[in-house]
Every structure is written in structure tokens, then in C-alpha cells.
Amino acid sequence: MQSRILAALGVAALLGCASATRYTQWPYRGPMMMVQNPTQNTLVVLARDGTGRELITARVRPNSTQCFRWPFIHAIGYLVAAESPHDTLTTQPFQPWSADGWEWSGQLEPKSNPRVCR
């Protein structure tokens with residue numbers, strides 16, 4: 001009798017946990033980023049947040065641009081462009097969520113531009 005009660009409670013707990021599982025639906029849409037590649041080499045662009053997380057966000061072909069959404073909700077961010085493991089460029093810290101859009105040419109710091117990639 002006691003084992004049946006424990007089994008019933010175990011099944012009830014399992015069903016309760018299964019129904020409580022919710023997958024996160026991202027409530028935010030990050031600002032748009034446009035990266036211009038003025039070089040003859042392909043750039044790999046990474047987004048880095050203020051806590052050190054990094055994501056490869058774009059591969060920019062030579063002499064072209066690429067748009068992507070900022071992937072983090074942390075207040076501080078960096079853009080990193082790499083042509084090779086030895087040749088990288090990192091921006092100064094900036095606040096991606098303070099504007100709707102940003103543009104970066106890889107030479108200057110990101111500039112706010114709400115019309116990029118629209």
C-alpha cells in the first residue's frame with residue numbers, strides 16, 4: 001500500500017514538473033549592427049558582452065557589409081573583428097541597447113545609426 005502511494009506521488013510530481021517546463025521565448029529584439037569590411041580579406045565578427053560571453057555573429061566578405069542583431073541583453077558590449085588569429089581588432093566598450101542601430105567599419109568605434117539594415 002505504501003509503495004503504491006509513493007509511486008502515485010512520484011508520477012504526480014513527474015507530471016507536475018513536466019507541465020511546469022517552459023521554454024524561454026526571447027522577449028527582446030536587440031539593436032541592429034552593421035559591419036563594413038573595407039579590406040580584401042574575410043572578417044569574422046564576434047559580439048562580446050560585458051560578462052565575457054562571445055558569439056560569432058557575422059562573416060563579412062571582402063569589401064561588403066553584413067547586418068545582424070545584437071545577441072545579448074547585458075548593458076556593455078564589444079565588437080571583435082578577426083582576419084586571422086593574430087590580427088584582431090576590438091572596439092572600446094559601448095552600450096548597444098542605448099540605440100536602435102549601430103554601424104562599424106572596423107577602423108573607428110561603433111556609431112549610432114537607427115537607419116542601418118532597415
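Each reported figure results from applying straightforward, stated rules to the coordinates on display, with no laboratory input. Note that the coordinates shown come from a computational prediction; the quantities given were computed from them, not determined experimentally.
General observations
- Evaluating 6.51 cos²θ - 1.76 cosθ + 1.60 at θ = phi - 60° for every residue in region 103-113, the Karplus couplings come out as 10, 9, 9, x, 10, 10, 6, x, 10, 5, 8 Hz, glycine and proline recorded as x.
- The share of alpha-carbon pairs in region 65-118 lying farther apart than 13 Å comes to 61%.
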